[in-house]
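Just below is one structure, and these are the notes that go with it.
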Amino acid sequence: MMEAEFSIRGLCFWISDFAAERSCTVTITECIPWRKKGGQALFEINGLEADIESAMSDVRARPEIVSLEVVESSEGRVVGSVAVRELWIIWAIVDCGCFLESAWSSGDNKVYFKVLSGSEGSLPNLIKTISSRGADIEINRIARAVDRPVVTRKQEKVLRLALERGFFDFPRKVTLEELALMSGMSTSTVAETIKRGERNILKSFFEKRR
């Protein structure tokens, strides 16, 4: 399995415009195809100096945005979910048999992507597909993904606590709110961390069975 990092300049994607206008960093932590040609994503914004509500209203007003929900916010930081009417890049990634690990923009008119290849030839197919659309793509790194941890340290911590306390038992022996108190995180952060950790574990399991 190969891991690649590349950037696309001038991609019509709200995170690059927002990062440039607001001098902040926008990271897509999860993204899946949605409906026929759109995408649904979890995002995190850091370094935001403007009023959060005003900034999010500006994003919601963009024609490609179907919905945007703020899950968590603090000084300079916003975590939320967004549905985009048209997002060809996530469809290209999935159709070519690759997996999006993350995408981000820091205001330089580029969107950076980190992807994992799936089946053999999926990564070259993805690069070819992106180039065929006239996108200005720059390959920054391609390397073999060796001994990559399935989950992050944060995910491991929360998942271990949830398992030991009986969150996955039926009936559950602990609630999300109780796990949040134990871990010192917000309830929404714990819920998101568990969901992402479960997804990473399932993805790793099925990749090995290809």
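Could you work out the relative contact order of the range 75-173, using alpha carbon pairs under 8 angstrom and six or more residues apart, expressed as a whole percent?
Once divided by the residue count of the range 75-173, the mean separation gives 17 percent.
Can you work out the base-10 log of I(q)/I(0) for the chain at q = 0.12, 0.17, 0.18 1/Å, using the Debye formula on its C-alpha atoms alone? For the chain at q = 0.12, 0.17, 0.18 Å⁻¹, log10 I(q)/I(0) is -0.70, -1.28, -1.37. Around the amide H of residue 2, modelled in the peptide plane, lie the amide H atoms of 117, 145, all under 5 Å away and 5 or more residues distant in sequence or on another chain. Applying 1/(1 + (r/R0)^6) with r as the Cβ-Cβ distance of residue 50 and residue 2 and R0 = 30 angstrom yields a FRET efficiency of 0.20.
Given a 10 angstrom Cα cut-off, can you work out which residue in 105, 73, 57 is the most mobile in a GNM of the chain? The residue that fluctuates most here is 57.
Expressed in nm to one decimal, what extension gain is obtained for the pair residue 139 and residue 29 from 0.36 nm per residue of sequence separation less their Cα-Cα distance? Mind dumping the intermediate values first?
Working: separation 110, 0.36 × 110 = 39.60 nm, distance 2.03 nm.
Roughly 37.6 nm would be gained on extension.
Within the listed set 20, 61, 41, the residue fluctuating most in the Gaussian network model of the chain (springs between alpha-carbon atoms under 10 angstrom) is 61. Phi-derived couplings, Karplus 6.51 cos²θ - 1.76 cosθ + 1.60 at θ = phi - 60°, listed residue by residue for the range 73-86: 8, 8, 4, x, 9, 9, 10, x, 10, 8, 10, 10, 5, 9 Hz, with x used for Gly and Pro. Bridging of residue 154 to aspartates and glutamates at a Cα separation below 13 Å is possible for 192, 198, once same-chain residues fewer than 8 apart are set aside. Summarising the amide proton neighbourhood of residue 102: residues at separation of 5 or more, or on other chains, whose placed amide H is nearer than 5 Å comprise 114.
Net charge within 9 Å of residue 115 by Cβ-Cβ distance, Lys/Arg positive one each and Asp/Glu negative one each, not counting residue 115 itself?
Result for the local shell: -2.
Straight-distance candidates among the lysines for linking to residue 128, with alpha-carbon spacing under 29 Å and chain neighbours fewer than 8 residues away dropped: 36, 37, 110, 114, 203, 208.
Every number here is computed from the coordinates shown, using simple stated rules; none is lab data. The structure presented is a predicted model; accordingly, all values stated were derived computationally and were not measured. Because the Cβ atoms are built from the backbone with ideal geometry, glycine has one as well, and the counts that use them run over all protein chains shown.
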